[in-house]
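The values are calculated or read from the model by the stated rules, or taken from the named source; none is laboratory data. Note that the structure is a prediction, hence the values are computed from the model and not measured. Here the Cβ positions follow ideal geometry from the backbone for every residue, glycine too, while neighbour counts run over all protein chains shown. Just so you know, the surface numbers come from the protein's heavy atoms only, side chains and all, with ligands and any DNA or RNA stripped out. Shrake-Rupley method; radii C 1.70, N 1.55, O 1.52, S 1.80 Å.
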Amino acid sequence: MTSLLKQLPRIKEGIVLVEYSSTDHPERAMAEIFTEWMNMGIVPLIVDIGDALHVFIQNLRFQGIELPVENVPVIKEKGTVKVGSVIGTVDVIEDFDHHLAVYSRFAREVPLESRNHTIVLGMERFSFTFMSDPPKLERYFEKITRLYLPVEERVSFLFLNVDIASEYLRKGLEQDSDYVIKIAGKTAKLLKSPGGVGYAVL
């Protein structure tokens with residue numbers, strides 16, 4: 001059977017939420033999605049929240065896998081380690097309006113060929129900023145997280161560590177996503193899909 005993560009990069013539009021725990025290896029799923037797009041001639045935009053891309057790349061290297069991300073456009077959300085072709089870094093998260101303005105400016109600099117395909121790593125790290133203020137996280141999610149959700153003819157893969165993410169963030173993303181995948185070992189379970197659910201080997 002064709003891998004689930006080889007099929008989903010071929011959808012025409014939609015939001016795919018990839019959930020995983022702290023003991024899983026989501027970098028394998030990211031590598032498969034990235035490679036499938038590159039094989040299709042698509043260079044995606046990567047949104048790197050809190051140096052998550054660096055962690056994914058390092059974990060892949062430990063497994064003997066090297067991804068060609070040097071020329072891939074990256075927008076960073078905080079963090080200090082630059083991986084890929086970094087367009088800019090959004091340093092302020094707490095100020096909603098400032099965040100929107102800075103992110104939007106960087107987004108306009110993303111090459112046209114990369115704007116319709118996005119991989120977002122480290123979504124759970126939003127929870128760190130507002131851990132002691134859940135109502136603020138709720139307002140943040142309503143106003144900011146929509147930046148990463150696609151419109152027509154766009155595809156986004158959002159990676160979320162469910163062991164770290166707040167319950168509100170997880171449920172909100174699940175609700176807004178067209179597909180929800182749970183990574184467990186070497187398998188991917190399809191939890192939500194317009195066409196039904198099931199299992200597939202990564």
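Residues in the range 8-33 that are part of a helix (DSSP H, G or I), open to solvent by 20 Å² or more (accessible area, probe 1.4 Å) and touching a residue at least 60 places away in the same chain (Cβ under 8 Å): Arg28, Glu32.
Considering the range 143-202, and only residues there that are within 19 Å of His99 (Cβ to Cβ) and open to solvent by 60 Å² or more (accessible area, probe 1.4 Å), the residue that is modelled with the highest pLDDT turns out to be Tyr168.
Within the range 43-60, does at least one residue satisfy the condition of being touching a Pro at 6+ places or on another chain (Cβ under 9 Å), in a loop (DSSP other than H, G, I, E, B) and surrounded by fewer than 17 Cβ atoms within 10 Å (Cβ to Cβ)? The answer is no; no qualifying residue exists. If the condition is being under 18 Å from Arg125 (Cβ atoms), of a type outside the set (Val, Ile, Thr) and surrounded by fewer than 18 Cβ atoms within 10 Å (Cβ to Cβ), then the range 75-87 contributes Lys78, Lys82. Among the residues making up the range 111-120, a single one is open to solvent by less than 20 Å² (accessible area, probe 1.4 Å) and either part of a helix (DSSP H, G or I) or over 21 Å from Val18 (Cβ atoms) (or both): Ser114. Right, Lys12: basic (Lys, Arg), over 23 Å from Glu153 (Cβ atoms) and touching an Asp or Glu at 6+ places or on another chain (Cβ under 8 Å) or not? Criteria not met by Lys12.
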